[in-house]
Amino acid sequence: MSTNQVQIFDTTLRDGEQVPGCKLNTKQKLIIAEKLDLLGVDIIEAGFPVSSPGDFNSVSEIAKLVKNATVCGLTRAVKKDIEVAADALKHAKKPRIHTGIGTSESHIKYKFNSNKEAIIERAVKAVSYAKTFVEDVEFYAEDAGRTDNEFLAQVCEAVIKAGATVLNIPDTTGYCLPEEYGAKIKYLKENVTGIDKAILSCHCHNDLGLATANSIAGAINGARQIECTINGIGERAGNTSLEEVTMILKQHPYLNLNTNINSKMLTDISHLVSDSMGMVVQPNKAIVGSNAFAHSSGIHQDGVIKNRETYEIIDPAEVGVNESSIILTARSGRAALAYRAKNVGYELTKLELDKVYSEFLNFADKKKEVIDEDIHQIMKLTGIVK
Ligand code: KIV
Ligand code: ZN
């Protein structure tokens, strides 16, 4: 693997599926897993096998189905969880166990009623035990975002010695600022003995709307895996959005950070996940929202019609959208009206356009959007067609 390659770890089926009311059945999970594999994700986190028999079954079926990606199962730092995950993953071509424990002051005190030494001991035991089943073991330091860097480095060093291949540094509560999260990754890169033996992974939640920015800051500072979900779904305000991080890396080639993602599949898989979960994507969602390539104000429309690059930083075809759309509203100008009229068969002269435009504004002031049928009616009302 090139050192500039960023592994994409998709957790739509585990952290993503923790969204209230968005439960998927095994069949739906298999369809999504197959698509994720085709999309080019490197790791599919298929579920939390010990959590329920249904989840165990889904992980097990996904492990049998997936051809290219590593298939991963989540566990707590608990013996039984690890045994169950290993069993669920036994048919995977490339299995990974993802185990871990909370490392922040509040997790140690309130969740575990424990102390730092005991937490390190449990972390090491969990990784060593997982290693008896699979070669590829990822360790998560839950709430790493609020864990003091010195202690986090001690935990990382201990689990690398125990055989962890990936170190997940979750900003579980979505609290960090990008500068702070980037500095945390940099600190670990520079202060953990043996760090070259493991990959640092970003796992950022979106409570302050910073999950994507934090993940990118992590990658710029040396992380080589990003954990994310389709449409950014997940607990509370969600996880890092796969489509956002992968397109950021693609649209900024000078960062020299590459992924294996086939971006042309992004819109299609976004629709699949949204439909399967019954979870609507907000129209203004970056990359995959229905308005992501829609232009509705006159100034923007005029620019885009002259040259797409005036107001678009991504060619819509790159993410699987046929073309950008020009929406007719009361804010639209003559250029947009002429363009849309031409699309439905009316090549207007300048004089005709002037005549039609005032009738168009009458329509537009009464409606949210002027559609193709309205254009035909405007042409009749203005005598352009009989
Ligand atoms: O957000 C988080 O800390 C997690 C871990 C369980 C990996 O999802
Ligand atoms: Zn999470």
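The values are calculated or read from the model by the stated rules, or taken from the named source; none is laboratory data. Computed from a predicted structure; not experimentally measured. Note that we place each Cβ from the backbone using ideal geometry, even for glycine, and neighbour counts take in every protein chain shown.
Structure above, values below:
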| item | result |
| --- | --- |
| Answer from A219, A164, A183, A213 - the residue that is at pLDDT 95 or above, over 30 Å from D275 (Cα atoms), crowded, with 21+ Cβ neighbours inside 10 Å and more than 14 Å from ligand 1 (Cβ to nearest atom) | A219 |
| Enumeration of residues in the stretch 135-151 that are more than 9 Å from ligand 1 (Cβ to nearest atom) and in a helix (DSSP H, G or I) | R146, N149, E150, F151 |
| Residue in the stretch 131-150 that is of a type in the set (A, V, I, L, M), out of contact with any Phe, Trp or Tyr (no Cβ under 6 Å at 6 or more places or on another chain) and within 16 Å of ligand 2 (Cβ to nearest atom) present | yes |
| Search result, residues across the stretch 128-175 that are among the polar types (S, T, N, Q) and more than 27 Å from the chain's Cα centre (by Cα) | S128, T132, Q154 |
| Enumeration of residues in the stretch 83-122 that are of a type in the set (V, I, T) and within 18 Å of I160 (Cα to Cα) | I97, T99, I101, T103, I119, I120 |
| Flag if T173 is modelled with pLDDT of 95 or more, within 14 Å of ligand 1 (Cβ to nearest atom), surrounded by fewer than 23 Cβ atoms within 10 Å (Cβ to Cβ) and of a type in the set (V, I, T) | yes |
| Matching residues, the stretch 222-235, being modelled with pLDDT of 95 or more, within 13 Å of ligand 2 (Cβ to nearest atom) and not polar (S, T, N, Q) | I226, E227, C228, G232, I233, G234 |
| Some residue of the stretch 100-115 being modelled with pLDDT of 95 or more, part of a strand (DSSP E or B) and either under 27 Å from L36 (Cα atoms) or polar (S, T, N, Q) (or both) | yes |
| Test: residue in the stretch 306-327 that is surrounded by 13 or more Cβ atoms within 10 Å (Cβ to Cβ) and over 30 Å from I261 (Cβ atoms) | no |
| Filter result for R14 (over 18 Å from the mean Cα position of the chain (by Cα), of a type in the set (K, R) and within 16 Å of ligand 1 (Cβ to nearest atom)) | no |
| Residue that is farthest from I44 (Cα to Cα) [pool: residues in the stretch 81-95 that are crowded, with 24+ Cβ neighbours inside 10 Å and touching a Ser or Thr at 6+ places or on another chain (Cβ under 7 Å)] | I82 |
| Matching entry among D302, D315 (being among the acidic types (D, E) and either within 24 Å of F363 (Cβ to Cβ) or touching a Lys or Arg at 6+ places or on another chain (Cβ under 6 Å) (or both)) | D302 |
| The one condition in (1) modelled with pLDDT under 95; (2) closer than 20 Å to R14 by Cβ that T246 fails to fulfil | (1) |
| Failed criterion for I299 (all others in (1) β-branched (V, I, T); (2) surrounded by 15 or more Cβ atoms within 10 Å (Cβ to Cβ); (3) out of contact with any helix residue (DSSP H, G or I) (no Cβ under 9 Å at 6 or more places or on another chain) hold) | (2) |
| Answer from A237, A211 - the residue that is among the small types (G, A, S) and either without any contact (Cβ under 8 Å) to a residue 12 or more places away in the chain or closer than 16 Å to R14 by Cα (or both) | A237 |
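Conditions (1) buried (at least 22 other Cβ atoms within 10 Å of the Cβ); (2) among the aromatic types (F, W, Y); (3) touching a Ser or Thr at 6+ places or on another chain (Cβ under 8 Å); (4) on the phi > 0 side of the Ramachandran plot, marked per residue:
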position	(1), (2), (3), (4)
G16	yes, no, yes, no
T26	no, no, yes, no
I32	yes, no, yes, no
G54	no, no, yes, no
R76	no, no, yes, no
K79	no, no, no, no
